[in-house]
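Working notes, structure below.
The values are calculated or read from the model by the stated rules, or taken from the named source; none is laboratory data. This structure is a prediction, so every number in the text was calculated from the model and none was measured. Glycine also receives a Cβ, built like all others from the backbone with ideal geometry; neighbour counts cover every protein chain displayed.
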Amino acid sequence: MKKILIIEDDPVVGLVYQRFLEKQGFATELAADGVKGLERVTAFQPDAVLVDMMMPRVGGIAVIQSLRADKAFRDLPMVVMSNACVPTLVEQAIKAGANHVIDKSTASPLAISELFYSLLKIGAENGAAAKGTVQCIRL
């Protein structure tokens, strides 16, 4: 069973994604902010990360940068979600190492689970997840 770490400061949004991804066959763990997410990644050893861009304490960009700097997580598939899908933030996320950036306000949980199925398949075939070069995906 593939594991996804969800890092989301809104407990309702986090729970919606967590429950849906679990129904789709993923094991999940929810972290309430970037600091807790960085603490949990080593213990949980996820196959992928879904991280909110804007969070208190440590935001999504900083989480991605920290994980990409760690050899153990350099190739970990990471999807950033944001309500503020403006080109500069999307570029920052991709430059930091996000595989994809999605528009939280329009992305359905089903579309997100399909994106993870695709990312994890690519990661298994190529030894690393494909890097995103896309604009904000409105799923």
Extreme residue, surrounded by the fewest Cβ atoms within 10 Å (Cβ to Cβ), among residues of segment 72-116 that are among the basic types (Lys, Arg) and in a loop (DSSP other than H, G, I, E, B): Arg74
Ile61 vs. criteria at pLDDT 80 or above, farther than 20 Å from Asp10 by Cβ and among the β-branched types (Val, Ile, Thr): no
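From the list Arg57, Arg19, which residue is free of Cβ contacts under 8 Å to residues at least 40 places away in the same chain, of a type in the set (Lys, Arg) and assigned to a helix (DSSP H, G or I)? Steps first, please.
On the way: Arg57 fails: assigned to a helix (DSSP H, G or I).
Only one candidate passes the filter, namely Arg19.
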Residue within segment 50-57 that is among the hydrophobic types (A, V, I, L, M, F, W, C) and touching a Leu at 6+ places or on another chain (Cβ under 7 Å) present: yes
